[in-house]
Amino acid sequence: MAVIVKYVVERNGEEKMTFTSKAEADAYDKMLDMADELFELLGKSELLEDEGKKEDLAMFLAQNKEEVLYALGAKRKPTPKKPKKVEAVEDAEQAQDDAA
């Protein structure tokens, strides 16, 4: 008989999602917390009166947290780093090819 550990994320008595790792369940739960806070913030605005649309937008913003932080200027986009060693090896190979 196998023992299977499952982590269940539950909100208001409703099962939202099941995970096999605690870290994934915690991350999802944190995202739902963000969506709840964003929903409250959106509720202060009169732009969206439809509760369903407010819920959808709050969930979308929570799921795309990194991009939202970049857009707000709260976080910088990572700059791609160029591998220096690879360039040096390619330059050495090119020099050998030129010499031959």
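Nothing in this text is a laboratory measurement; each read-out follows from the coordinates by a stated rule. Just so you know, these numbers come straight off a predicted model, no measurement behind them.
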Alpha-carbon Rg/Rh ratio, for segment 23-77, with Rh computed the Kirkwood way: 1.02
Listed residue pairs exceeding 29 Å between alpha carbons, taken from Lys30/Lys54; Lys30/Lys75; Lys16/Lys81; Lys22/Lys65: Lys16/Lys81
Amide proton proximity set for Arg11, modelled H, under 5 Å, gap of 5+: Lys16
